[in-house]
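Visitor: This structure is in structure tokens; I'll ask about it shortly.
The values are calculated or read from the model by the stated rules, or taken from the named source; none is laboratory data. On a predicted model such as this, the values are computed, not experimentally measured, just so you know. Using ideal geometry, Cβ is built from the backbone for each residue, glycine included, and neighbour counts are taken over all protein chains shown.
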Amino acid sequence: MINPFTPSFGDLPPELIGRKGVLRDITEALLGPITDPFRAVLFTGARGTGKTVMLGEISDIGLKNGYIVVNVTAGKNLALDILNQLSERSNHLLDKKSRKVSGMNIGKFGITYVDEKQEELGFRTRLERLVEAINEKGSGVLITVDEVYKYAPGLEELSTAFQHFKQEKRNVALMLAGLPKNISDILEEDENIRNLTFLRRAIRETLGNVDIDQIEKGYDDIITPITGKVDKSIYG
């Protein structure tokens, strides 16, 4: 029998133990009212506690429920990656009306993104156009950002855009994950970075060690249907 709790390199484990509560809350949020607070969640925890695994599981939930899902890692190409993934993954809905971003220009008024037709638009404007078009086709948008940190290029713009999406009752959800120090930095007030305010109001989930009772139950739920019983001695 393949161990259902251990992933191979680069894969998600088939079973997650001790995370069903928050996954249930997020699933209900994606299927329920667009005002549900669990549509914006900040995951934090030490390395190895399952932050990336959680984002992967949430992405699968979104895909199974008809969302266009974008998964990125914070870095210098954060905004560009979001725009290109969203454009490519929604082409089947939008009849390829949305155009892939081919580059960006940095000027005195900020960064603009250029498509194949050389139309220059800011990140927020281009993202809003895509989200609006996808929503009009009946699909939601789920964005996950891993390894997030305070000064990640594009994070302020993403936070601002998401705040406007909420005000406009758009069908969107945003999930972010980062190390405790990085999440703490984001939550701190900073007069130089004012556009992270919305993220500071997001639901915060700290992933720690899984309780031993939850581990035992996880094994019971998997093994019992196969063997009919569990030898409790395996728990020590």
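Visitor: When the residues of segment 161-180 are narrowed to those that are in contact with a helix residue (DSSP H, G or I) (Cβ under 7 Å, 6 or more places away or on another chain) and assigned to a loop (DSSP other than H, G, I, E, B), which ends up farthest from Val53 (Cα to Cα)?
Guide: The selected residue is Arg170.
Visitor: What number goes with the only condition from (1) in a loop (DSSP other than H, G, I, E, B); (2) farther than 17 Å from Lys51 by Cα; (3) at pLDDT 70 or above; (4) among the hydrophobic types (A, V, I, L, M, F, W, C) that Val230 does not pass?
Guide: Looking at each condition in turn, Val230 falls short on (3).
Visitor: What is the number of the single condition among (1) within 20 Å of Leu93 (Cβ to Cβ); (2) assigned to a helix (DSSP H, G or I); (3) touching a Leu at 6+ places or on another chain (Cβ under 9 Å); (4) not charged (D, E, K, R) that Asn135 does not meet?
Guide: (3)
Visitor: Sticking with this one: Can you tell me which residue is surrounded by the fewest Cβ atoms within 10 Å (Cβ to Cβ) among those in segment 68-82 that are touching a helix residue (DSSP H, G or I) at 6+ places or on another chain (Cβ under 6 Å) and over 13 Å from Ile134 (Cβ atoms)?
Guide: Among them, the one singled out is Asn71.
Visitor: Checking the condition of a type outside the set (A, V, I, L, M) and at pLDDT 90 or above, which residue from Tyr149, Tyr113 passes? Working first, answer last.
Guide: Working: Tyr113 fails: at pLDDT 90 or above.
So the residue among Tyr149, Tyr113 that is of a type outside the set (A, V, I, L, M) and at pLDDT 90 or above is Tyr149.
Visitor: May I pose another question? I want to confirm something. Restricting to segment 134-160 and keeping residues that are over 15 Å from the mean Cα position of the chain (by Cα) and without any contact (Cβ under 8 Å) to a residue 60 or more places away in the chain, which single residue is nearest to Gly50 (Cα to Cα)?
Guide: By that ranking, first place goes to Lys150.
Visitor: On to the next question. Looking at segment 131-140, is at least one residue farther than 25 Å from Lys64 by Cα, exposed (fewer than 15 other Cβ atoms within 10 Å of the Cβ) and at pLDDT 90 or above?
Guide: No.
Visitor: From the list Ala161, Ala202, which one is over 19 Å from Ile58 (Cβ atoms) and either surrounded by fewer than 16 Cβ atoms within 10 Å (Cβ to Cβ) or at pLDDT below 95 (or both)?
Guide: Details: Ala202 fails: over 19 Å from Ile58 (Cβ atoms).
Just a single option satisfies the conditions, and that option is Ala161.
Visitor: Working carefully through the options Gly21, Gly62, find the one that is at pLDDT below 90 and not in a loop (DSSP other than H, G, I, E, B).
Guide: Unique residue meeting the criteria: Gly21.
Visitor: In segment 2-12, is there at least one residue being crowded, with 20+ Cβ neighbours inside 10 Å, out of contact with any strand residue (DSSP E or B) (no Cβ under 7 Å at 6 or more places or on another chain) and modelled with pLDDT under 90?
Guide: So far as segment 2-12 goes, no, none of its residues is crowded, with 20+ Cβ neighbours inside 10 Å, out of contact with any strand residue (DSSP E or B) (no Cβ under 7 Å at 6 or more places or on another chain) and modelled with pLDDT under 90.
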